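K.L.:
I am attaching a structure below and will ask some questions about it afterwards.
The values are calculated or read from the model by the stated rules, or taken from the named source; none is laboratory data. Just so it is clear, the structure is predicted and the values come from calculations on it, not from any experiment. Using ideal geometry, Cβ is built from the backbone for each residue, glycine included, and neighbour counts are taken over all protein chains shown. Keep in mind that these areas ignore ligands, DNA and RNA; they rest on the heavy atoms of the full protein, side chains included. Shrake-Rupley method; radii C 1.70, N 1.55, O 1.52, S 1.80 Å.
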Amino acid sequence: EATTVSGSFSVISPSLPTGWAVDYSVPGEVALQFNVSLPVELVYFSATKKEDEVELTWQTASETNNEGFEVEHSTDGRDWDYLGFVDGHGNSTEAHDYSFQHQSPSSGINYYRLRQVDFDGQWEYSKVCSVEFDSPSVQIKVFPNPAVHYATLSLPNFSSEALVQVIAPDGRIMKQMNIRE
């Protein structure tokens with residue numbers, strides 16, 4: 001798709017289509033130029049770890065025909081899941097701040113992107129941001145192993161909830177219990 005048309009022109013009738021303008025900046029030449037106008041001018045997009053959540057924030061400098069933003073999440077940077085939708089401001093020449101909370105991020109690296117959607121169905125992606133959450137490191141110790149009549153279960157620094165199962169060599173669940181802090 002051409003963004004500049006130059007040459008000899010005698011008449012532009014009846015008027016230029018939307019987005020086109022006459023450029024007289026080079027002496028002795030007249031050029032038609034197409035001004036590309038992005039529907040949303042994204043100033044920044046960031047993801048920040050806040051305790052056990054991720055706060056996504058972004059700002060727009062201007063918006064044209066902006067229905068809003070689909071927030072997407074991935075754990076591998078290839079397969080994306082829809083998290084939610086944040087309404088846009090339609091048409092605006094003012095800066096607008098947006099935010100979204102991801103309340104259950106995964107262990108490891110969490111990737112985020114915005115899918116900006118126009119009222120006419122057009123869309124485009126933002127850059128990708130990431131936040132890393134450490135995998136919980138609970139060291140479980142069972143002794144003696146193998147156990148015959150009894151076993152001791154040690155969970156140092158355990159501060160959550162767990163399902164403990166005693167499984168026989170043939171795969172049968174012999175005992176099951178929930179352990180809570």
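Residue-by-condition table, conditions (1) in a strand (DSSP E or B); (2) modelled with pLDDT of 60 or more; (3) under 16 Å from Gly88 (Cβ atoms):
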{"position": "Ser8", "(1), (2), (3)": "no, yes, no"}
{"position": "Ser13", "(1), (2), (3)": "no, no, no"}
{"position": "Gly28", "(1), (2), (3)": "no, yes, no"}
{"position": "Gln33", "(1), (2), (3)": "yes, yes, no"}
{"position": "Lys49", "(1), (2), (3)": "yes, yes, no"}
{"position": "Thr57", "(1), (2), (3)": "yes, yes, yes"}
{"position": "Asn65", "(1), (2), (3)": "yes, yes, yes"}
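K.L.:
What number of residues within segment 42-71 are open to solvent by 20 Å² or more (accessible area, probe 1.4 Å) and not β-branched (Val, Ile, Thr)? Even if it seems obvious, please write down each step before you answer.
P.N.:
Filtering segment 42-71 for residues open to solvent by 20 Å² or more (accessible area, probe 1.4 Å) gives 42-44, 46-53, 55, 57, 59, 61-62, 64-65, 67, 70.
Now restrict to residues that are not β-branched (Val, Ile, Thr): 42, 44, 46-47, 49-53, 55, 59, 61-62, 65, 67, 70.
Here the count works out to 16.
K.L.:
Is it the case that Glu72 is under 12 Å from the mean Cα position of the chain (by Cα), among the acidic types (Asp, Glu) and outside any loop (DSSP other than H, G, I, E, B)?
P.N.:
yes
K.L.:
Let me ask another. Just to be sure, is Gln101 part of a strand (DSSP E or B) and at pLDDT below 95?
P.N.:
Numbers: part of a strand (DSSP E or B): yes; at pLDDT below 95: no.
So Gln101 does not fit the description; no.
K.L.:
Could you please find all residues in segment 104-129 being of a type in the set (S, T, N, Q), in a strand (DSSP E or B) and either farther than 13 Å from Asn66 by Cβ or open to solvent by 20 Å² or more (accessible area, probe 1.4 Å) (or both)?
P.N.:
As a first pass, look at segment 104-129 and keep what is of a type in the set (S, T, N, Q): 104, 106-107, 110, 116, 122, 126.
Adding the requirement that they be in a strand (DSSP E or B) leaves 110, 116.
Asn110 - this is the single residue of segment 104-129 that is of a type in the set (S, T, N, Q), in a strand (DSSP E or B) and either farther than 13 Å from Asn66 by Cβ or open to solvent by 20 Å² or more (accessible area, probe 1.4 Å) (or both).
K.L.:
Moving on. Sort out which residues of segment 72-100 are open to solvent by 70 Å² or more (accessible area, probe 1.4 Å) and either farther than 23 Å from Gln122 by Cα or in contact (Cβ under 8 Å) with a residue 60 or more places away in the chain (or both), and write them in order of number. Walk me through how you get there before you give the answer.
P.N.:
Residues of segment 72-100 open to solvent by 70 Å² or more (accessible area, probe 1.4 Å): 75, 78-79, 81-82, 85, 87, 89, 91, 93-94, 97.
Passing the criteria: only Thr75.
K.L.:
Also: Quick one: Tyr150 ticks every box in (1) modelled with pLDDT under 80; (2) surrounded by 10 or more Cβ atoms within 10 Å (Cβ to Cβ) except a single one, so which number is it?
P.N.:
Unmet for Tyr150, out of (1) modelled with pLDDT under 80; (2) surrounded by 10 or more Cβ atoms within 10 Å (Cβ to Cβ): (2).
K.L.:
If you check Ser107 against the conditions, is it in contact with a Phe, Trp or Tyr (Cβ under 6 Å, 6 or more places away or on another chain) and at pLDDT below 95?
P.N.:
Values: in contact with a Phe, Trp or Tyr (Cβ under 6 Å, 6 or more places away or on another chain): yes; at pLDDT below 95: yes.
Yes, satisfied.
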